[in-house]
Amino acid sequence: MQRGVGLTVTLRVRLGAHDAHYAGGLVDGARVLQLFGDVATELLIRLDGDEGLFRAYEAVEFLAPLRAGDFLEVTGVVTKVGATSRSMAFEARKVIAGQDPGVPNPDLAPSAADALPEPMVVARALGTCVVPKELQRRPRLVLPSLSAPPPDVAQLPEPRPIITPPPRVIVTPANTELILTAAIVGAETTRAQTPHLPITAREIADEAARCREAGASVVHLHVRDERGAPSQSRDLFAEAMSAIAKKTDLVIQTSTGGAVGMGLEERAQPLACRPEMATLNCGTVNFGDDVFQNPRPLIRALAKRIRDAGSVPELECYEVGHIDEAHALVAEGLLSEPLHFQFVLGVAGGIGARPEVLEFLLSQIPAGASWGVAAIGRHQRPMTEHGMRLGGHVRVGLEDNVYLEKGVLAEGSAPLVARAAEFARSLGRVVVEPTRARQLLGISATT
Ligand code: KMH
Ligand code: ZN
């Protein structure tokens, strides 16, 4: 288990006159590295019960000057946990700017300072720490937000106005490759919700091609019948897959989830087309006012059929227990590692679309697994962006969300893919082509 991956801590500090090293009250970059070291130490204590050792920085960027009087928010996240090594990513952001003594403002008192409207990233780094085996105490993993005992409600004072906490910042190792999946049809999205939903094989292939152009390397595929109703018909899948393959080199991942209410035989039909990838839904979940039924025998039957079709399964998880089910399937020999998870967050009745939820899910997956984030409706953008910061892959598209922004329909899935690709690149992520996606997903050339 990658216990601890995603664990995040944040320090907030004020830089004082004693931190200023150069003329104009400028602060030495070494002070920021010291703060990264403090963050690393807290992470190690929470993870291993030991302060550990900082072994190496792999990349350090100083992006803006710091001065006495600045307030910093310094965040670190555990990105990988080895036997003794712990990889981390750090980010320091200025949230309050002290005055520049070199450029005094005659209109302001010397003690004047401003809270910045948006935090400013001033430094980033990647680092590796080590905790020797004999010093690892494996304490119960104490997440920062859980460290305080729950308050006694009866003793609480009158409610006060709620202050919105600052956004949690998680930084990403640069140059991590990223697979963008386009979920362009879905089973629940309707033409009444958006006129941009593709329905015929030709419309589906055209939209797939637009998504490929925008940065997608995988298409998550559902199909519709002539009335636009969701279908798992083998023939309709064959038609859509052939149309997509004629226009693109996308990895085609067929749904075995289908629509709510479908049973095993209906859902399994696309596997007859021997897709490179297929979804395996890992548990039952309330799905809005419906129930998406995935009883354990059905999961096992689909896992066997996916294996027999030579398809790589993507494990759709809507609840934390679905990860446990994936572990059980490995133990039963129905799945082989490395696993590829898709966390579908924010289904009404399922697990919430919140950063700390994703971070906990990540702590539960096996070492070496890859993972992606999908999220429903308005959660799609913030949660997929959070996933990208954490180093994950991403799924966007009309299956999960029809809006580009509040009140503005996305004109197909391609604009959502394009925006995700742009965000990924802004983080230094490399959006991969389908050929590379196949390698990363373990799709062999023969499937
Ligand atoms: N339509 C949802 C009930 C999948 O594609 O595997 C299930 C779904 C999952 O879309
Ligand atoms: Zn689906």
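Being among the hydrophobic types (A, V, I, L, M, F, W, C), surrounded by 19 or more Cβ atoms within 10 Å (Cβ to Cβ) and under 18 Å from Pro132 (Cα atoms) holds for only one residue in Leu15, Leu53, Leu7, Leu44, and it is Leu44.
Scanning the stretch 329-383 for residues that are in contact with a Pro (Cβ under 8 Å, 6 or more places away or on another chain) and of a type in the set (D, E, K, R) gives a single hit, Glu337. For Asp100, the criteria (1) of a type in the set (D, E, K, R); (2) over 15 Å from Thr8 (Cα atoms); (3) assigned to a strand (DSSP E or B) hold in every case but one, which is (3).
Selection of first residues in the stretch 58-71 that are of a type in the set (D, E, K, R) and of second residues that are assigned to a loop (DSSP other than H, G, I, E, B), restricted to Cβ pairs under 8 Å at least 6 apart or on distinct chains, gives the following pairs, ordered by first then second residue: Arg67/Leu15; Arg67/Gly98; Arg67/Gln99; Arg67/Asp100; Arg67/Pro101; Asp70/Leu15; Asp70/Gly98. Here Ile306 clears all of (1) of a type in the set (A, V, I, L, M, F, W, C); (2) in contact with a strand residue (DSSP E or B) (Cβ under 6 Å, 6 or more places away or on another chain); (3) more than 24 Å from Ile443 (Cβ to Cβ) except the condition numbered (3).
Scanning the stretch 430-438 for residues that are in a loop (DSSP other than H, G, I, E, B), in contact with a Lys or Arg (Cβ under 9 Å, 6 or more places away or on another chain), more than 16 Å from ligand 2 (Cβ to nearest atom) and more than 26 Å from His222 (Cα to Cα) turns up nothing. Restricting to the stretch 390-421, name every residue that is crowded, with 20+ Cβ neighbours inside 10 Å and part of a loop (DSSP other than H, G, I, E, B). Leu390, Gly391, Gly392, Gly397, Leu398, Glu399, Asp400, Asn401, Val402, Ala410, Gly412, Ser413, listed by residue number.
On the stretch given as the stretch 310-335, residues that are touching a helix residue (DSSP H, G or I) at 6+ places or on another chain (Cβ under 8 Å) and either loosely packed, with under 14 Cβ neighbours inside 10 Å or within 20 Å of Gly352 (Cβ to Cβ) (or both) total 7.
Of all residues in the stretch 341-362, those satisfying the criterion of being surrounded by fewer than 19 Cβ atoms within 10 Å (Cβ to Cβ) and more than 13 Å from the chain's Cα centre (by Cα) are Ala348, Gly349, Gly352. Given the condition outside any helix (DSSP H, G or I) and either away from ligand 1 (no atom under 12 Å from the Cβ) or out of contact with any helix residue (DSSP H, G or I) (no Cβ under 8 Å at 6 or more places or on another chain) (or both), answer yes or no: does some residue in the stretch 295-303 qualify? Yes, the conditions are met somewhere in the stretch 295-303.
Every residue, every condition in (1) outside any helix (DSSP H, G or I); (2) at pLDDT below 90; (3) more than 26 Å from the chain's Cα centre (by Cα), yes or no:
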position: Gln2; (1), (2), (3): yes, yes, no
position: Thr10; (1), (2), (3): yes, yes, no
position: Val13; (1), (2), (3): yes, no, yes
position: Val39; (1), (2), (3): no, no, no
position: Leu47; (1), (2), (3): no, no, no
position: Glu58; (1), (2), (3): yes, yes, no
position: Glu61; (1), (2), (3): yes, yes, no
position: Ala64; (1), (2), (3): yes, yes, yes
position: Val77; (1), (2), (3): yes, yes, no
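Of the residues making up the stretch 217-230, those that are surrounded by fewer than 24 Cβ atoms within 10 Å (Cβ to Cβ), of a type outside the set (D, E, K, R) and more than 13 Å from ligand 2 (Cβ to nearest atom) number 2. Out of all the residues in the stretch 317-333, is one or more within 25 Å of Val9 (Cβ to Cβ), of a type in the set (Val, Ile, Thr) and assigned to a loop (DSSP other than H, G, I, E, B)? Within the stretch 317-333, one or more residues are within 25 Å of Val9 (Cβ to Cβ), of a type in the set (Val, Ile, Thr) and assigned to a loop (DSSP other than H, G, I, E, B). For the stretch 193-216, check the following and say yes or no: at least one residue is within 22 Å of Glu316 (Cα to Cα), within 13 Å of ligand 2 (Cβ to nearest atom), under 23 Å from the mean Cα position of the chain (by Cα) and not aromatic (Phe, Trp, Tyr). So far as the stretch 193-216 goes, no, none of its residues is within 22 Å of Glu316 (Cα to Cα), within 13 Å of ligand 2 (Cβ to nearest atom), under 23 Å from the mean Cα position of the chain (by Cα) and not aromatic (Phe, Trp, Tyr). Just to be sure, is Arg307 touching a helix residue (DSSP H, G or I) at 6+ places or on another chain (Cβ under 9 Å) and of a type outside the set (A, V, I, L, M)? When the stated conditions are applied, Arg307 does not pass them. Only residues that are of a type outside the set (Gly, Ala, Ser) and in contact with a helix residue (DSSP H, G or I) (Cβ under 7 Å, 6 or more places away or on another chain) were counted across the stretch 252-266, and they come to 4.
Here the stretch 201-254 is the region considered, the condition is being among the acidic types (Asp, Glu) and touching a Ser or Thr at 6+ places or on another chain (Cβ under 7 Å), and the residue that is nearest to Asp400 (Cα to Cα) is Glu207. In the stretch 252-267, which residue that is surrounded by fewer than 23 Cβ atoms within 10 Å (Cβ to Cβ) and over 17 Å from Tyr318 (Cβ atoms) is farthest from ligand 2 (Cβ to nearest atom)? Selected residue: Glu265. Pairs linking a residue in the stretch 389-407 that is basic (Lys, Arg) to a residue that is in a strand (DSSP E or B) and at pLDDT 95 or above, with Cβ atoms under 6 Å and 6 or more positions apart or on different chains, are Arg395/Thr181; Arg395/Ala183; Arg395/Gly372; Arg395/Ala374.
The values are calculated or read from the model by the stated rules, or taken from the named source; none is laboratory data. Note that the structure is a prediction, hence the values are computed from the model and not measured. Cβ coordinates were reconstructed from backbone atoms using ideal geometry, including for glycine residues, and neighbour counts include every protein chain displayed.
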